[in-house]
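The values are calculated or read from the model by the stated rules, or taken from the named source; none is laboratory data. What you are looking at is a predicted structure, and each value in this text was computed from that prediction instead of being measured. Cβ atoms come from the backbone with ideal geometry, glycine included; neighbour counts cover every protein chain shown. Remember, those area values only see protein heavy atoms, side chains included, never the ligands or the DNA or RNA. Shrake-Rupley method; radii C 1.70, N 1.55, O 1.52, S 1.80 Å.
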Amino acid sequence: MNRHVIRYAMVLSLAFLVCSGTIANADDPNGVRRPSYPSGFAPGTRVVLLADAPALGEGLLKGMAGTIVCCDATDCSASILVSWDLWTGGRDEGDRCVTTLGGPYPAGSATWVDPREVLLGQPFDRMGTLREGDKGCLYLETDDGESYYLVIGPEFREQWWVVLPGQYVRIRGLLNTNAPDPTVKRMCSQRDGDIYQPIMTAYDWIGESCADPWVCSFMYGDSVVLIGEDNPNGAVDLPRGTSGTIICSNPRAQNSVLVSWNLWTNGGDPDEYILCGERLVGLFPPGSTWWVPVTDLATTFQTACGNLQGLRICSDGQCEDVSAVGLFVENAGLYYLPDLTPETAPIGAAFIASGLHAPYAAIPEGIVVASGKDIGLAEVILQSVLLPCPTYGCCRPAYKAGDRVRLLVDEPGGARDLLTYAGGKVICCNSQNPGTPIFVSWDFWTGGIDDDESCDSSGASSMYYPPTSGWWVACSEIEPVILPDLYDVGERFRSFTPPSVVAGKAGQGLAISGMISNRGGTQSGSFTVAIYASSDAEITIEDYLIGKVGMDIMTGGSVNMSWAREFPTDIPAGTYNIGWLIDSNNSVKEAMETDNMVVIEAGKLTVTEE
């Protein structure tokens, strides 16, 4: 495609933008419940340095990425041990680990990091509406009401003048939720988090096609790591190990891939996208891009479960002692893991390898599996961190689609605002991911994903669930619910009006509303909700009865509670909380009986003297 056609295509993409205006598992395979990580720093997840960190180790610079190996606190709320990609200046010091992945990692690659002191970003990929705050601050407002500040300079909007508030877009970047330093004055508030290095795309842009036509190992928009030499193609201060995002490609050029490098500002002219021979991922921070050969790149990758193999290097019929390590995965082949050694890797043990897939990396000639097996070589995985293979399948006893379950932990795997006791419906199982094999649609929660493509064939093909209500969970994070389980859905559904009435006066109307749900596995049968006025925040049968509402709720269902009648004349003057008791006569045997008292928090009813 020639230059003027590319420019025209870019304008169309921008015009459309104007008009249109996620884990390695940390669950213990022996049944220990996966911890709830308040900051999302679970072992096995990826992080990126958002600022140079010389205190951690020489050569650790902003934009470099790594994998969390373990934590020194069970909930990972303190320091974390990170294995940094292609870095060898660490001391490892794994003896502090409380939570661990269970397998080796490249020697000398790890160092301890306190996220409260070192700025770390985690992968972010959400859709929402652009909003402009005071002083021109630009935010992404997601569909569930969260708001994230886009950390961009004035040059971003000068370059991409088509970016306007009100556009519905997709933002990829690096999320940091650390509390801002109180000694540093900020012009723009953080809200729910700061998004560094945002890549902005029209919300319905589809770019899942090959960015390299030769082996099709890179896709447009992929996160990549520089595995070649420092400063490729004459770049200034672009070190090996820097991470970035593929923006576009020109297969006819030697330096064929344009990458937006994370937190790097010595890049080329942002208008160089006109050299792209294919589609453009989106709008990127000016000064962050540089053309590199596709051979200098690797993507993050995780294998299926396999067995470690010792490897020999043979030449002219002569073989060395076992000197290298591979991972054999059934139906895939042998993955060569050059950063691990037979001395630290337990040959024969079962693991998952998480690292950098390098499709163009050189493979030593004459590799032979020490066991003598005839195994075909699959790929090269650099910077491999070994994860344990869980030993169980889709839970025992098994869950089936439609089963009702209750959550046993807060925010499993970083699911924000998904809290203990939430109720949900099993959608399917993925027996190929036994760490978190159960996909559940959670009642009244929209912070999740639509990911039933990973379901086993007997799973979700006919099971409807509300969009973005799903989340993959470990077997130990849920329990089946057989009995009914009645509860009040929440404050946002509660109200009463008017706010004031006169004591003893007949004919005064009062309307009270709420929502009651049954998250259990059985229909409730008939029960009563009794509404009271109370002088304190605890509703009991000793308080003043206002009225009653009868209900019968099916499993997983909810019912609007609405009471609108005359206010009783026997309630004296005073200020009262309005609330109710669900199943006030205890006629329903429930899975949980301790959550049936409800009080409206938004205000109190004033009963005045006549």
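Please enumerate the residues belonging to region 294-337 that are closer than 30 Å to Ser256 by Cα and of a type in the set (D, E, K, R). Show your work before the answer.
Filtering region 294-337 down to residues closer than 30 Å to Ser256 by Cα leaves 294-303, 332-337.
Once the filter is applied, which keeps residues that are closer than 30 Å to Ser256 by Cα and of a type in the set (D, E, K, R), region 294-337 yields only Asp296.
Please state which of the following conditions Phe567 fails to meet, knowing it meets all the rest: (1) farther than 17 Å from Leu486 by Cα; (2) open to solvent by 10 Å² or more (accessible area, probe 1.4 Å).
Every listed condition holds for Phe567 apart from (2).
Within region 58-78, which residues are at pLDDT 90 or above, open to solvent by less than 30 Å² (accessible area, probe 1.4 Å) and part of a loop (DSSP other than H, G, I, E, B)?
Correct list: Leu60, Gly63.
For region 133-153, which residues satisfy the criterion of being open to solvent by less than 10 Å² (accessible area, probe 1.4 Å) and either in contact with a Pro (Cβ under 8 Å, 6 or more places away or on another chain) or not hydroxyl-bearing (Ser, Thr, Tyr) (or both)?
Result: Cys137, Leu138, Leu140, Leu150.
For region 154-176, which residues satisfy the criterion of being part of a loop (DSSP other than H, G, I, E, B), within 23 Å of Thr265 (Cα to Cα) and either open to solvent by 20 Å² or more (accessible area, probe 1.4 Å) or modelled with pLDDT under 90 (or both)?
Trp161, Val162
Taking strands (runs of 3 or more DSSP E) that do not extend beyond region 526-610, which have at least 3 residues that are not hydroxyl-bearing (Ser, Thr, Tyr)?
Values: elements: 527-534, 544-551, 558-566, 574-582, 597-599, 605-608.
Output list reads 527-534, 544-551, 558-566, 574-582, 597-599.
Using the structure shown, decide if Tyr360 is in contact with a Ser or Thr (Cβ under 8 Å, 6 or more places away or on another chain) and in a strand (DSSP E or B). Walk me through how you get there before you give the answer.
Details: in contact with a Ser or Thr (Cβ under 8 Å, 6 or more places away or on another chain): yes; in a strand (DSSP E or B): no.
No, not satisfied.
Quick check on region 79-98: of everything there that is open to solvent by 10 Å² or more (accessible area, probe 1.4 Å) and among the small types (Gly, Ala, Ser), which residue is nearest to the chain's Cα centre (by Cα)?
Keep residues of region 79-98 that are open to solvent by 10 Å² or more (accessible area, probe 1.4 Å), which gives 79, 86-98.
With the extra rule that they be among the small types (Gly, Ala, Ser), the set shrinks to 79, 89-90, 94.
Numbers: Ser79: 20, Gly89: 30, Gly90: 28, Gly94: 26 Å.
Out of the qualifying residues, it is Ser79.
Given the criteria over 19 Å from Leu356 (Cβ atoms), surrounded by fewer than 17 Cβ atoms within 10 Å (Cβ to Cβ) and of a type outside the set (Gly, Ala, Ser), does Asn307 qualify?
Numbers: over 19 Å from Leu356 (Cβ atoms): yes; surrounded by fewer than 17 Cβ atoms within 10 Å (Cβ to Cβ): yes; of a type outside the set (Gly, Ala, Ser): yes.
Yes.
Which members of region 411-429 meet the condition of being over 22 Å from Gly40 (Cβ atoms) and touching a helix residue (DSSP H, G or I) at 6+ places or on another chain (Cβ under 6 Å)? Before the answer, list the steps.
Here is the first cut: in region 411-429, the residues over 22 Å from Gly40 (Cβ atoms) are 423, 425-429.
Hits for region 411-429 are Ile427, Cys428.
Hey, any hits in region 532-546 for a residue that's open to solvent by 60 Å² or more (accessible area, probe 1.4 Å) and within 33 Å of the chain's Cα centre (by Cα)? Full working, then the answer.
Pass one, region 532-546, residues open to solvent by 60 Å² or more (accessible area, probe 1.4 Å): 535-538, 541-542, 544-545.
Filter again for within 33 Å of the chain's Cα centre (by Cα), leaving none.
No.
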